[in-house]
Amino acid sequence: MDFSFQLYSARNFPPLDDVLGRIARLGYRQVEGFGGLYSEAESLAASLRKHSLTMPTGHFGLAQLKDTDAALKIAETLGMRYLYCPAIAKEERENQPDSKWVELGETLAALGESIRRRGFGFGWHNHAFEFVPTASGRLPMDIILDTASNNEWEMDVAWVVKGGHDPIAWMKKFGSRINAVHVKDIAPAGQNVDEDGWADVGHGTLDWNALQAAIRQYTNARYFVMEHDNPSDVDRFASRSIASVRTWNLIENSK
């Protein structure tokens, strides 16, 4: 297993083929796709082969996933093994009752069954909104995972923290279903404003010594995806982040 790079981090730095070449030279062997890249899946697959990169995981919006045949054709073309739904629209997640989250969970459960029957894995990728309690006091994250109980979870550790929660506590609770982790970091308060408060991995406020130990101990994570939601310099982010994680034991000791 190798460290991966979420291509959303490079969306503002075209052309993509050049970025793929540079991150491959830095030592990345995998990338993670997102919905905006899939319109030219064949050419993207060719670029991945050119740079000896693989794409075992990818993000697909809910509308894309509902056209399951098309989504799985993309996944097959790009060599993916796992598909993750990364979010829902803002208007669909604010001030929603429990029933709406149950409905989403049921939709995700049905999609998961269909996708698994075709030989792929499927799960949810969190942001912070899932950790805002509903009027009943329940957390959408609990509702989603409880309702879609056979689906997996790609934990975005930094978004859990942004949501005001302890990711290690969630690893202890749902670790058997966490098969991928977004490895990212948060800048100190007031810093990196031009980068929406994110930081290069290992250069922020998250205690990655404790987090990496918890990932190894409590989860089944197989994919470790570097991400920065808005870097001002994608090469700086890619190089400093992989330099940080190379000092860790995530890959060697992962399950």
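The values are calculated or read from the model by the stated rules, or taken from the named source; none is laboratory data. Keep in mind it's a predicted model, so treat the numbers as computed, not measured. Positions of Cβ are backbone-derived with ideal geometry, glycine not excepted, and every protein chain shown enters the neighbour counts.
Please find, among Ser232, Ser149, Ser176, the residue that is surrounded by fewer than 20 Cβ atoms within 10 Å (Cβ to Cβ), modelled with pLDDT of 95 or more and farther than 30 Å from Gly112 by Cα.
Values: Ser149 fails: farther than 30 Å from Gly112 by Cα; Ser176 fails: farther than 30 Å from Gly112 by Cα.
Sole residue among the options that is surrounded by fewer than 20 Cβ atoms within 10 Å (Cβ to Cβ), modelled with pLDDT of 95 or more and farther than 30 Å from Gly112 by Cα: Ser232.
Filtered by the rule that a residue be of a type in the set (Phe, Trp, Tyr) and either at pLDDT below 95 or in contact with a helix residue (DSSP H, G or I) (Cβ under 8 Å, 6 or more places away or on another chain) (or both), segment 82-101 gives a lone residue, Trp101. Residues in segment 237-255 that are exposed (fewer than 13 other Cβ atoms within 10 Å of the Cβ) and at pLDDT 70 or above: 3 in all.
Checking every residue in segment 178-190 against the condition of being of a type in the set (S, T, N, Q), in contact (Cβ under 8 Å) with a residue 12 or more places away in the chain and not in a strand (DSSP E or B) gives zero matches.
The combined condition, being in a strand (DSSP E or B), touching a strand residue (DSSP E or B) at 6+ places or on another chain (Cβ under 8 Å) and within 30 Å of Ala45 (Cβ to Cβ), is not fulfilled by Leu111.
Might you check whether a residue that is touching a Ser or Thr at 6+ places or on another chain (Cβ under 8 Å), farther than 22 Å from Gln217 by Cβ and modelled with pLDDT of 95 or more occurs anywhere in segment 123-138?
No, because not a single residue in segment 123-138 is touching a Ser or Thr at 6+ places or on another chain (Cβ under 8 Å), farther than 22 Å from Gln217 by Cβ and modelled with pLDDT of 95 or more.
Condition check for Ala70 on (1) in contact with a helix residue (DSSP H, G or I) (Cβ under 9 Å, 6 or more places away or on another chain); (2) small (Gly, Ala, Ser); (3) within 28 Å of Ala128 (Cα to Cα): one failure, at (3). Is there a residue being among the hydroxyl-bearing types (Ser, Thr, Tyr), buried (at least 16 other Cβ atoms within 10 Å of the Cβ), within 22 Å of Arg118 (Cβ to Cβ) and touching a Gly at 6+ places or on another chain (Cβ under 6 Å) anywhere in segment 78-87? Checked segment 78-87: at least one residue is among the hydroxyl-bearing types (Ser, Thr, Tyr), buried (at least 16 other Cβ atoms within 10 Å of the Cβ), within 22 Å of Arg118 (Cβ to Cβ) and touching a Gly at 6+ places or on another chain (Cβ under 6 Å). Note on segment 46-94: residues that are in contact (Cβ under 8 Å) with a residue 12 or more places away in the chain and assigned to a loop (DSSP other than H, G, I, E, B) total 13. Of the residues making up segment 117-158, those that are touching a Gly at 6+ places or on another chain (Cβ under 6 Å), assigned to a strand (DSSP E or B) and hydrophobic (A, V, I, L, M, F, W, C) are Phe122, Trp153.
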